[in-house]
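Shown next, in structure tokens, is the structure this report addresses.
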Amino acid sequence: MAAPPDIPADFSALRPERHVALAVSGGSDSTALMRLAADWARTNHPGLKLSVLTIDHGLRPEAAAEAARVGQWAAGLGLPHHVLHWTEQPKPTTGLQARARDARYGLMADWCRGHGATALLTAHTLDDQAETVLMRLARTMSPDSLAGIRQFGVWDGLPLLRPLLRAKRQALRGWLARLGQPWIDDPSNEDDRFERVRARRSLAALGPETAARLAALADRAAAAAALLERAARRWIAFYLQEHETGICHLALDRFQRLPETLQERILGIVIERYGGGRKAPDAEELRRIARWAAIGEGPVRCTLGGALLGRRKSGFWVTREAARIEATPRIVPDTGKLLWDKRFLVEAAPGAQVAPTASRKLPPSPGVPVYALRACPWVEQPPGVPPPRSRFLRLTTHGRAIYPKAVLGNTSAPAYVIGQSEI
């Protein structure tokens, strides 16, 4: 039975896929997702394999029986079902919902990678979106945060799809009731200890139109965030000066002329990249560091998000915080190429060891602080093989690449070899 018009389910992103997984707890939203996805695939993509995943968090004795019920419903639709167990002991006593969510996504992402599923579908609805925005309004003004739940996301490299993000929970429940399809009510959804439960009750008290307005606010915030991102990356492409040793410089006069929100976005992008590919710092941290960079007061150097920032008269530079790099050497695989610290592409003999340069003595490089050199890769490989090469994966795509041979290991090659960048 196809979805009625009041359920705007969008599965069009699945057309190029061959195998995807569905996160199904047995609640009304995820049960509806399972049925809607099965109906859509049967009509529009018969070759698509759908696998149903249920997490047993080990928090309630009823969980095993509930997972078995989901398995029965999945079997009735001709879908394979798999129960994944959160085995961590003891369970956390604080931040339980966040820790359980991380464990849940981690388990499902691992399963997908191990079984060839190229995406994970979750059953977030318009109501979930409204609850998320309401909670974030209490503590942030960031467009990224107020954009709430995105229709397309990523967890540890696995694409996440949310085809029910514009559907209302009550419409899904009405449709399931008409089908005679039961669902499972989780008692934790009534526990006032959890912020989301309190937000849900607040929304109910504010009236039926509030959820739709908050979801619309999320759409507008997402559009504003996307526009800000494009403007920031365009500025970076024109004005960010990058050196192949993994340091960049931002001119103070150009940076000071920008609106504060754009300054913060630029710094977020730069810090995420130069901090080793970690998630960008939160809005308040970026606001503080943007003031530090633009006003020129406070310490000469500071750290944030795995990046090290230093001020000069003409501007400020950003590089990697060497102490935050994993000290254990990485081994170059048989391909002869290794992505090191998510910043450098190292080409060396298979079996070579790559570690931070750290305290090794290096020849000085004009304009490059020693802190940046310490965060470069140092390669140890057998004698008699071609010298190693390194390419810093820059934010900008123009210019020439400099391969600092002396930084890469104790080789007799020239200090620098200049060649065209492939990025």
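What number, in percent, do you get for the relative contact order of region 175-331 if the mean sequence gap of Cα pairs under 8 Å and at least 6 apart is divided by its residue count?
18
Enter the angle in degrees (range 0 to 90, nearest 10) between the Cα long axis of helix 283-295 and the first principal axis of the Cα atoms of the chain, meaning the one along which they spread out most.
30
Provide the gained length on full extension for the span residue 101 to residue 238, in nm with one decimal, where the gain is 0.36 nm per separating residue minus the Cα-Cα distance.
45.3 nm
Compute the distance from the alpha-carbon center of region 91-106 to that of region 336-352, in whole Å.
Cα centroid of region 91-106 versus Cα centroid of region 336-352: 34 Å apart.
Which value in nm describes the separation of the simple spin-label points at residue 83 and residue 212, placed 7 Å from the Cα toward the beta carbon?
4.1
Rg(Cα) of region 248-331 divided by 2.2 N^0.38 Å?
That works out to 1.09 for region 248-331.
Report, in whole Å, the centroid distance computed from the Cα atoms of region 263-298 and region 198-228.
Centre-to-centre (Cα) distance: 27 Å.
Just to verify a number: FRET efficiency for residue 68 and residue 359, C-beta to C-beta distance, R0 = 51 Å, to 0.05?
Calculated transfer efficiency: 0.35.
Which of the peptides 89-102, 194-207, 341-354 is most tightly packed, and how do the rest follow, judged by the mean count of other Cβ atoms within 10 Å per residue?
Descending mean neighbour count gives 341-354, 194-207, 89-102.
Tell me, what is the percent relative contact order of the chain, built from C-alpha pairs under 8 Å that lie six or more residues apart?
Contact order relative to length: 11 percent.
What figure, in Å² to the nearest 10, do you get for the accessible area of residue 362 with a 1.4 Å probe and non-protein molecules left out?
Approximately 40 Å² for this residue.
Please give, to one decimal in nm, the separation of the simple spin-label points placed at residue 110 and residue 202, each 7 Å out from Cα toward the Cβ.
Those two pseudo-labels are separated by 3.5 nm.
How much accessible surface area, in Å² rounded to 10, belongs to the heavy atoms of residue 395 with a 1.4 Å probe?
Around 40 Å² of this residue is reachable by solvent.
Mind pulling the angle between the C-alpha long axis of helix 126-137 and the longest principal axis of the chain? Nearest 10 degrees, somewhere in 0 to 90.
Helix 126-137 sits roughly 50 degrees off the main axis of the chain.
Given the whole protein assembly as supplied and a 1.4 Å probe, what does the accessible area of residue 118 come to in Å², nearest 10?
The value for residue 118 is about 70 Å².
Compute the separation of the alpha-carbon centres of region 135-176 and region 1-60 and state it in Å as a whole number.
So the separation of the two Cα centres works out to 16 Å.
Go ahead and run the numbers for FRET between residue 178 and residue 19, Cβ-Cβ distance against an R0 of 25 Å, rounding to 0.05.
Efficiency, from the Cβ-Cβ distance: 0.25.
May I ask you to rank 22, 179 by accessible area, largest first, using a 1.4 Å probe over the protein chains only?
So, going from the largest accessible area down, we get 179, 22.
State in Å² the accessible area per residue of the chain; use a 1.4 Å probe, count heavy atoms of protein chains only, and round to the nearest integer.
Counting only protein heavy atoms, the per-residue value for the chain is 50 Å².
Can you match Cα extents along the principal axes in Å to one of these, (i) 76, 42, 34; (ii) 72, 48, 39; (iii) 75, 50, 43, based on a calculation from the structure here?
The value computed from this structure is option (iii).
Among 83, 124, 338, which residue has its Cα furthest toward the positive end of the charge dipole of the chain, with +1 on Lys/Arg Cβ and -1 on Asp/Glu Cβ?
Sorting the options by dipole projection puts first 338.
Order the following by accessible area, largest value first: 359, 30. Probe radius 1.4 Å; ligands, DNA and RNA are ignored.
My answer, sorted largest first, is 359, 30.
By how many degrees, 0 to 90 and rounded to 10, does the Cα axis of helix 96-115 deviate from the longest principal axis of the chain?
80
Using every Cα-Cα pair within region 118-263, state what percent have a distance larger than 20 Å.
63
If you average the sequence gap of Cα pairs under 8 Å that are 6 or more apart and divide by the length of region 83-194, what percent do you get for the contact order?
Over region 83-194, the number comes to 26 percent.
Given the convex hull over the Cα atoms of region 145-189, what projected area results after averaging over all orientations, in nm²?
Computing the convex hull of the Cα atoms and averaging its projections yields 5.0 nm².
Taking the simple approach of a point 7 Å from Cα along Cα-to-Cβ for both residue 345 and residue 328, what is their distance in nm?
Inter-label distance under the simple model: 2.7 nm.
If all Cα-Cα distances of region 109-193 are sorted into 5 Å bins from 0 onward, what percent lands in each bin, rounded to whole numbers?
Calculated P(r), rounded to whole percents: 3, 12, 15, 18, 19, 18, 11, 4, 0.
Projected onto the charge dipole of the chain (+1 at Lys/Arg Cβ, -1 at Asp/Glu Cβ, origin at the Cα centre), which of 23, 204, 145 gives the Cα projection farthest towards the positive end?
With unit charges placed on the Cβ atoms, the residue in question is 145.
Write down the percent of antiparallel bridges among all DSSP beta bridges whose residues are both part of the chain, to the nearest 5.
Within the chain, antiparallel bridges account for around 75 percent of the total.
The values are calculated or read from the model by the stated rules, or taken from the named source; none is laboratory data. This one's a predicted model, so the numbers in the text were calculated from it and none came from an experiment. Backbone-built Cβ (ideal geometry, glycine too); neighbour counts: all protein chains shown. When the accessible area is computed, the model is the full protein with side chains, heavy atoms only, and any ligands, DNA or RNA have been set aside. Shrake-Rupley method; radii C 1.70, N 1.55, O 1.52, S 1.80 Å.
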